[in-house]
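Each remark here refers to the structure printed beneath this line.
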Amino acid sequence: MKYLMELVVLTWFLALLKCTHQADLNIAIIGSGIGGTSCAYFLKEIFKDLVNLDIYEGNQVGGRLATVIMSDGNEYETGGSVIHQRNRYMSNFVTYLGLQKRKSVFKNERLGLHNGKDFDFIENDNYLVNLMNILWRYGYSIKRLQEFINSMLDKFERIYELQTNGVSFDSTYDLLTAMDPSFVNYLNISVRDAYLKEEHFSESVITELVQASLRVNYGQNTNVHEFVGSVSMAGMDGSLWSVKGGNKRVVEKLLEKSNAHLVPEYVVQITKNNDSYTLLTSFKKKATYDYVVFAAPLAENQKVPITFSNMPLALNKVGKYHQTVSTLVIGDMKRTKFSPISDDLIPITIISNNENEFFNSISNVEGVNETASLNVWKIFSQHPLSKNQIDHLFENVSDVKVVDWLAYPHYKVPTESQSFHIADRLYHINAIEWAASAMEMSCIGAKNVALIIKKHYYSEEQ
């Protein structure tokens with residue numbers, strides 16, 4: 001009996017220790033997009049059972065990785081749609097989480113660059129003819145541009161080794177400098193000036209190819225800084241993929257693997273205490289945490305404003321996020337509008353380089369579960385399309401879905417360094433978006449914040 005009592009007491013004591021151990025570190029993450037959920041995953045990887053994670057999300061899990069279901073019963077991407085083959089975190093997540101890359105259903109897609117009146121360039125189905133047409137129009141600059149982007153990606157990949165070794169960075173300038181010292185300069189010159197005056201690429205490459213990439217990827221023009229302009233061009237080389245079932249599947253799986261608790265409420269106030277923060281939600285609930293990670297835009301025009309209380313310094317919101325509207329349409333394109341690219345019944349993408357045009361791009365779109373139809377379209381625009389504008393492009397329209405995003409920063413030159421620290425124990429993943437907004441950039445920012453917290457926590461323990 002004595003040994004039984006000792007065993008009960010020992011079991012109780014170990015359970016108490018475990019509970020105390022698990023309660024040692026409480027972290028709140030505001031936002032359940034790829035930044036917030038990957039940060040939860042990285043924190044769980046670092047702290048294991050030591051950490052308790054709560055993710056606050058008043059909207060759908062996934063953030064800007066979102067889909068809609070159209071009247072044909074199929075699901076389509078409306079947010080972040082493509083991932084580069086050299087994006088190591090996203091690639092590793094897909095493998096580790098048991099997901100699959102989506103197989104492309106469309107074959108022989110054709111791209112056309114439209115100037116508002118006619119086409120400056122249309123892809124040809126014949127590889128050799130297409131190559132000759134590219135060289136004829138853009139010259140050797142196109143080859144040098146490809147080499148420039150590949151060199152940039154080589155430098156960019158240095159971040160993975162640094163983060164594997166536990167190196168963290170306080171600001172975006174520090175992080176970019178670690179990749180390559182020249183990258184900071186990229187934030188302080190427009191991609192147009194850099195490519196024209198420093199790299200000596202041809203005018204047509206800049207006004208047509210670079211402009212087209214920025215119109216479709218960021219809804220902006222060649223006045224953006226060189227770093228985001230180059231990231232945009234990297235997304236035009238064809239080495240892109242998506243996740244079967246939708247890119248949001250990565251977010252859903254990361255949330256599950258991190259064992260984080262999802263709190264389906266908006267945070268409306270963050271109050272600083274001595275060594276902690278108290279969050280107030282839209283449902284008037286309060287909770288206190290050792291660390292808080294802000295994994296959402298902190299901008300002048302953010303959709304859900306948050307009040308910061310008792311902060312040592314006033315917070316300066318960096319700038320505005322850029323409006324991009326994603327419109328999904330089931331209907332038939334009025335083929336005469338974009339002849340000759342639309343003459344054949346093949347999947348097409350039309351990018352308008354004319355900033356006075358009411359759309360940025362029009363393309364046939366595949367479903368997230370490897371479905372495809374030539375009467376399903378995605379249109380990117382700066383503003384919601386009117387019925388007259390939709391009817392101008394399509395006929396026999398049976399369904400329209402609209403998603404209005406504040407999708408990414410409105411980039412300008414110069415771009416100042418952004419801190420990953422909002423205040424002591426309060427961090428901002430999305431600071432990295434002012435360098436470039438992309439799924440992989442959010443993962444890098446998330447890993448950096450997780451490493452900052454690790455460094456701070458263990459320095460406090462000593």
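The values are calculated or read from the model by the stated rules, or taken from the named source; none is laboratory data. Since the model is a prediction, treat every value here as computed from it, not as a measurement. Glycine gets a Cβ as well: all are built from the backbone with ideal geometry, and neighbour counts include every protein chain shown. To get the accessible areas, we keep the full protein, side chains included, count just its heavy atoms, and leave off ligands, DNA and RNA. Shrake-Rupley method; radii C 1.70, N 1.55, O 1.52, S 1.80 Å.
Some points to look at:
- Residue count for the stretch 36-50, restricted to those that are open to solvent by 10 Å² or more (accessible area, probe 1.4 Å) and not aromatic (Phe, Trp, Tyr): 6.
- With respect to the conditions (1) within 21 Å of the chain's Cα centre (by Cα); (2) crowded, with 20+ Cβ neighbours inside 10 Å; (3) not in a strand (DSSP E or B), Phe359 lacks only one, and its number is (1).
- Filtered by the rule that a residue be in a loop (DSSP other than H, G, I, E, B) and of a type in the set (Ser, Thr, Tyr), the stretch 371-383 gives a lone residue, Thr371.
- Count of residues meeting criterion [among the polar types (S, T, N, Q), outside any helix (DSSP H, G or I) and open to solvent by less than 60 Å² (accessible area, probe 1.4 Å)] in the stretch 76-103: 3
- Evaluated against (1) crowded, with 21+ Cβ neighbours inside 10 Å; (2) more than 18 Å from Leu298 (Cβ to Cβ); (3) not polar (S, T, N, Q), Ile432 falls short on exactly one condition, (2).
- Residue in the stretch 22-40 that is of a type in the set (Ser, Thr, Tyr), in a loop (DSSP other than H, G, I, E, B) and under 23 Å from Asp290 (Cβ atoms) present: yes
- Taken together, the residues in the stretch 186-209 that are in a helix (DSSP H, G or I) and without any contact (Cβ under 8 Å) to a residue 60 or more places away in the chain amount to 11.
- Ser71 of a type in the set (S, T, N, Q) and either touching a residue at least 60 places away in the same chain (Cβ under 8 Å) or part of a loop (DSSP other than H, G, I, E, B) (or both): yes
- Filter pass, Ser190 being open to solvent by 10 Å² or more (accessible area, probe 1.4 Å), under 24 Å from Gln418 (Cβ atoms) and touching a Lys or Arg at 6+ places or on another chain (Cβ under 7 Å): no
- Restricting the first member to the stretch 424-445 and to residues that are farther than 19 Å from Lys248 by Cβ and basic (Lys, Arg), and the second to residues that are part of a loop (DSSP other than H, G, I, E, B) and open to solvent by 10 Å² or more (accessible area, probe 1.4 Å), the beta-carbon pairs closer than 9 Å and six or more apart or on different chains are Arg425/Asp275; Arg425/Ser276; Arg425/Asp290.
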